[in-house]
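Q: Here it is, the structure in full.
The values are calculated or read from the model by the stated rules, or taken from the named source; none is laboratory data. No experiment lies behind these values; they were computed from the predicted model shown. Heads up, the Cβs are rebuilt from the backbone with ideal geometry, glycines too, and the neighbour counts pull from every protein chain shown.
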Amino acid sequence: MAENPFRIHGLVAGEFFTDRVAELTRIRDALRRPASKLLVYGYRRMGKSSALALAVDQVNRQRGHAFVADLSTASTVADVSTRILQGAAAALGKRWKNVAADLASRLQATVSLTHDRASGLLLPSISLQLRRAHLADQRATLGSVLDAVNDLARDRGATIGLVLDEFQDIARFGGEDAEWHLRGIIQRHDHVSYVLAGSKPHLIRRMIEPGRAFYDMLDVLYFGPIDPGYFASWIEQRMRGAGVTCEGVGARIMEIAGPRTRDITQVARTCFDRTTAAGKAVAGDADLAFADGVAERDDAFADFWQQLTPHQQNVLRALAVAGEGLTAAETSGRFGLASSSAVSQALAALVDAGRLVREERGARYEFDSPFLRGWVVSRALLDIGIALPVTYRVPAVSAGAPAAALPRRATEASV
Ligand SMILES: Nc1ncnc2c1ncn2[C@@H]1O[C@H](COP(=O)(O)OP(=O)(O)OP(=O)(O)O)[C@@H](O)[C@H]1O
Ligand SMILES: [Mg+2]
């Protein structure tokens with residue numbers, strides 16, 4: 001049987017990666033230009049980290065110098081420093097001699113060097129004791145680590161491009177203070193170019209508001225969806241290349257999987273598995289693949305649902321069916337919603353928990369995951385007598401057009 005032409009785990013590259021030409025160009029340019037500062041932000045699972053990794057790779061292959069440090073798992077500021085040192089040593093060590101030792105010698109902090117068998121390189125890490133030191137000391141070390149990278153670049157007559165992926169997580173270590181601290185460091189560096197990337201738009205938009213640390217400091221690249229028409233035909237082309245003919249399946253995947261690259265790729269991947277034996281995929285296979293995606297997560301979603309208050313559950317039901325206007329009398333009566341301030345509170349809590357997102361403009365909320373929306377639609381609406389297909393999506397309302405009529409109760413709905 002042919003190998004599945006779609007990958008959904010980890011970063012994608014090579015034939016599994018498509019499009020993003022404009023984004024790659026912007027990121028590569030920023031990584032090469034001394035002292036530039038670019039913010040790359042967008043919703044989760046859009047494909048940011050894959051694009052960043054590819055841009056870094058391209059810069060390094062064209063004789064530039066760049067690396068990524070992922071801050072998302074760091075538990076302390078000391079961990080952030082270690083990530084940066086390791087990223088620098090692993091990427092730059094391939095071209096320059098003694099990078100790890102050079103960086104270590106520039107630092108006040110205690111650094112240990114371990115031999116990495118896979119790459120044959122020495123990788124530096126900050127002494128574990130620093131993890132328990134005062135925040136101020138940990139920050140001073142982060143400052144000196146980034147200074148060391150800048151000095152290394154200056155002494156070798158190069159620019160080093162540094163991607164800090166999930167940089168907004170720095171705020172976990174001291175909130176706004178941490179942001180100002182990072183700003184203070186990066187603005188003094190002429191030989192490092194920074195790409196700050198993140199996937200929590202509601203936090204990031206606040207970080208760049210007037211009066212906040214990153215206001216007016218960063219060029220901004222919003223990382224949005226891949227063009228649906230293009231993506232649909234790429235999916236079909238990949239499927240055909242692996243022996244499955246397609247009839248309307250790409251377009252249908254785009255309709256039901258939402259805008260996030262990974263969700264789309266996941267439906268395509270399952271769709272391929274379902275159809276490879278028959279060698280033919282039709283639009284309905286996309287629906288079945290989407291239903292599989294919901295079913296696979298049933299345990300996790302049921303656990304999550306149990307932890308919600310009844311009111312939060314009702315807010316999710318209302319959102320799945322009505323989309324907006326949750327405070328309108330009809331909606332609130334139908335779904336048992338409390339006062340509009342209670343609705344706002346529930347929405348805000350669900351945004352903070354990463355389950356909902358608030359759209360860029362206006363006050364529209366949407367499920368972060370189309371699979372969670374599908375779960376609510378197919379499992380939790382039955383409690384209130386509404387039956388809708390798992391792929392049900394609130395029809396998009398164009399500006400000025402009247403809101404679409406709400407689906408009726410199960411007995412009245414023709415589904
Ligand atoms: N350019 C692309 N072409 C094809 N598939 C892609 C592309 N970019 C991302 N994907 C799909 O999306 C998945 C997630 O990609 P990636 O981890 O780069 O996204 P991300 O935006 O960094 O996500 P997160 O918010 O989880 O950090 C990949 O495993 C792949 O399935
Ligand atoms: Mg990522």
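Q: Could you list, in sequence order, the residues of segment 20-47 that are part of a loop (DSSP other than H, G, I, E, B) and away from ligand 2 (no atom under 13 Å from the Cβ)?
A: Start the filter on segment 20-47 by keeping residues that are part of a loop (DSSP other than H, G, I, E, B), which leaves 20, 33-36, 42-47.
If the condition is that a residue be part of a loop (DSSP other than H, G, I, E, B) and away from ligand 2 (no atom under 13 Å from the Cβ), then Arg20, Arg33, Pro34, Ala35, Ser36 are the ones that fit.
Q: Only residues that are over 21 Å from Asn60 (Cα atoms) and within 16 Å of ligand 2 (Cβ to nearest atom): list them for segment 117-175, please.
A: Those that are over 21 Å from Asn60 (Cα atoms) and within 16 Å of ligand 2 (Cβ to nearest atom): Glu166, Phe167, Gln168, Asp169, Ile170.
Q: Do you know which residues across segment 62-75 are farther than 24 Å from Arg33 by Cβ and crowded, with 19+ Cβ neighbours inside 10 Å?
A: As a first pass, look at segment 62-75 and keep what is farther than 24 Å from Arg33 by Cβ: 72-75.
If the condition is that a residue be farther than 24 Å from Arg33 by Cβ and crowded, with 19+ Cβ neighbours inside 10 Å, then Ala74 is the only one that fits.
Q: Name the pairs whose Cβ atoms lie under 7 Å apart, with the first residue in segment 161-173 and in the same structural domain as His65 (by TED's automatic domain parsing), the second within 11 Å of ligand 1 (Cβ to nearest atom) and basic (Lys, Arg), and 6 or more positions between them or separate chains?
A: Final answer for the pair search is Gln168/Lys200.
Q: I would also like to ask the following. Would you tally the residues in segment 193-232 being crowded, with 16+ Cβ neighbours inside 10 Å, assigned to a loop (DSSP other than H, G, I, E, B) and touching a Gly at 6+ places or on another chain (Cβ under 9 Å)?
A: 6
Q: Let me ask something else about it. What number of residues within segment 48-79 are in a helix (DSSP H, G or I) and either away from ligand 2 (no atom under 16 Å from the Cβ) or free of Cβ contacts under 8 Å to residues at least 24 places away in the same chain (or both)? Before you say what the answer is, go through the steps one by one.
A: Of segment 48-79, the ones in a helix (DSSP H, G or I) are 48-61, 77-79.
Restricting the remaining residues to those that are either away from ligand 2 (no atom under 16 Å from the Cβ) or free of Cβ contacts under 8 Å to residues at least 24 places away in the same chain (or both) gives 58-61, 77-79.
Residues that pass the stated criteria total 7.
Q: In the set Arg139, Arg154, which member is closer than 30 Å to Arg206 by Cβ and surrounded by 14 or more Cβ atoms within 10 Å (Cβ to Cβ)? Before the answer, list the steps.
A: Working: Arg154 fails: closer than 30 Å to Arg206 by Cβ.
Result: Arg139 is the single residue among Arg139, Arg154 that is closer than 30 Å to Arg206 by Cβ and surrounded by 14 or more Cβ atoms within 10 Å (Cβ to Cβ).
Q: Report every pair of residues separated by at least 6 positions or lying on different chains whose Cβ atoms are under 9 Å apart, first residue within segment 209-237 and within 16 Å of ligand 2 (Cβ to nearest atom), second among the basic types (Lys, Arg).
A: From residues that are within 16 Å of ligand 2 (Cβ to nearest atom), the pairs are Leu221/Arg26; Phe223/Arg20; Phe223/Lys48; Pro225/Arg260; Ile226/Arg20.
Q: Here is a follow-up. Do we have any residue at all in segment 113-120 that's surrounded by 19 or more Cβ atoms within 10 Å (Cβ to Cβ) and either away from ligand 1 (no atom under 16 Å from the Cβ) or under 29 Å from the mean Cα position of the chain (by Cα) (or both)? First the steps, then the outcome.
A: At the first step, the residues of segment 113-120 found to be surrounded by 19 or more Cβ atoms within 10 Å (Cβ to Cβ) are none.
Within segment 113-120, none of the residues are surrounded by 19 or more Cβ atoms within 10 Å (Cβ to Cβ) and either away from ligand 1 (no atom under 16 Å from the Cβ) or under 29 Å from the mean Cα position of the chain (by Cα) (or both).
Q: Another question, if that's okay. Quick one: Arg28 ticks every box in (1) under 12 Å from Leu162 (Cβ atoms); (2) surrounded by 19 or more Cβ atoms within 10 Å (Cβ to Cβ) except a single one, so which number is it?
A: (1)
Q: Filter segment 82-105 down to residues that are crowded, with 24+ Cβ neighbours inside 10 Å and at positive phi, then give me how many there are.
A: Selection size over segment 82-105: 0.
Here's the yes/no breakdown for (1) assigned by TED's automatic domain parsing to the domain that holds Gly198; (2) at pLDDT 95 or above; (3) of a type in the set (Gly, Ala, Ser):
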| residue | (1), (2), (3) |
| --- | --- |
| His9 | no, no, no |
| Thr25 | yes, yes, no |
| Gln58 | yes, yes, no |
| Gln62 | yes, yes, no |
| Phe67 | yes, yes, no |
| Ser72 | yes, no, yes |
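Q: What tally of residues in segment 40-61 results from selecting those that are buried (at least 20 other Cβ atoms within 10 Å of the Cβ) and in contact with an Asp or Glu (Cβ under 7 Å, 6 or more places away or on another chain)?
A: 4
Q: Let me ask something else. Specify which of the listed residues (Val351, Val390) is part of a helix (DSSP H, G or I) and of a type in the set (Val, Ile, Thr).
A: Numbers: Val390 fails: part of a helix (DSSP H, G or I).
None of the other options fit; the residue is Val351.
Q: Can you name the residue in segment 317-329 that is in a helix (DSSP H, G or I) and aliphatic (A, V, I, L, M) and, of all such residues, is surrounded by the fewest Cβ atoms within 10 Å (Cβ to Cβ)? Give the steps one after another, and end with the answer.
A: Let us first name the residues in segment 317-329 that are in a helix (DSSP H, G or I), namely 317-322, 329.
Retained after the next criterion (residues that are aliphatic (A, V, I, L, M)): 318-322, 329.
Details: Ala318: 26, Leu319: 25, Ala320: 24, Val321: 20, Ala322: 20, Ala329: 9.
Within segment 317-329, the match that is surrounded by the fewest Cβ atoms within 10 Å (Cβ to Cβ) is Ala329.
Q: Can you confirm whether Ala178 is small (Gly, Ala, Ser), surrounded by fewer than 22 Cβ atoms within 10 Å (Cβ to Cβ) and within 24 Å of Leu52 (Cα to Cα)?
A: Values: small (Gly, Ala, Ser): yes; surrounded by fewer than 22 Cβ atoms within 10 Å (Cβ to Cβ): yes; within 24 Å of Leu52 (Cα to Cα): yes.
Against the criterion (small (Gly, Ala, Ser), surrounded by fewer than 22 Cβ atoms within 10 Å (Cβ to Cβ) and within 24 Å of Leu52 (Cα to Cα)), Ala178 qualifies.
Q: Among the listed residues Ser332, Ser341, Ser378, which satisfies the condition of being under 20 Å from His202 (Cα atoms), part of a helix (DSSP H, G or I) and among the hydroxyl-bearing types (Ser, Thr, Tyr)?
A: Among Ser332, Ser341, Ser378, only Ser341 is under 20 Å from His202 (Cα atoms), part of a helix (DSSP H, G or I) and among the hydroxyl-bearing types (Ser, Thr, Tyr).
Q: Still on this structure: Across segment 271-291, what is the total count of residues that are under 26 Å from the mean Cα position of the chain (by Cα) and surrounded by 23 or more Cβ atoms within 10 Å (Cβ to Cβ)?
A: Looking only at segment 271-291, we keep the residues that are under 26 Å from the mean Cα position of the chain (by Cα), and these are 271-273, 286-291.
Filter again for surrounded by 23 or more Cβ atoms within 10 Å (Cβ to Cβ), leaving 271-272, 286, 289-290.
Looking only at that region, the number is 5.
Q: Do we find a residue being surrounded by 21 or more Cβ atoms within 10 Å (Cβ to Cβ), within 13 Å of ligand 2 (Cβ to nearest atom), within 21 Å of the chain's Cα centre (by Cα) and more than 21 Å from His189 (Cα to Cα) anywhere in segment 10-18?
A: Scanning segment 10-18 turns up at least one residue that is surrounded by 21 or more Cβ atoms within 10 Å (Cβ to Cβ), within 13 Å of ligand 2 (Cβ to nearest atom), within 21 Å of the chain's Cα centre (by Cα) and more than 21 Å from His189 (Cα to Cα).
Q: Restricting the first residue to segment 1-15 and requiring it to be closer than 17 Å to Met46 by Cα, which pairs with a second residue that is within 16 Å of ligand 2 (Cβ to nearest atom) and among the hydroxyl-bearing types (Ser, Thr, Tyr) meet a Cβ separation below 6 Å and a spacing of at least six or different chains?
A: Filtered contacts from segment 1-15: Phe6/Thr265; Ile8/Thr265; Leu11/Ser49; Leu11/Ser50; Val12/Ser50.
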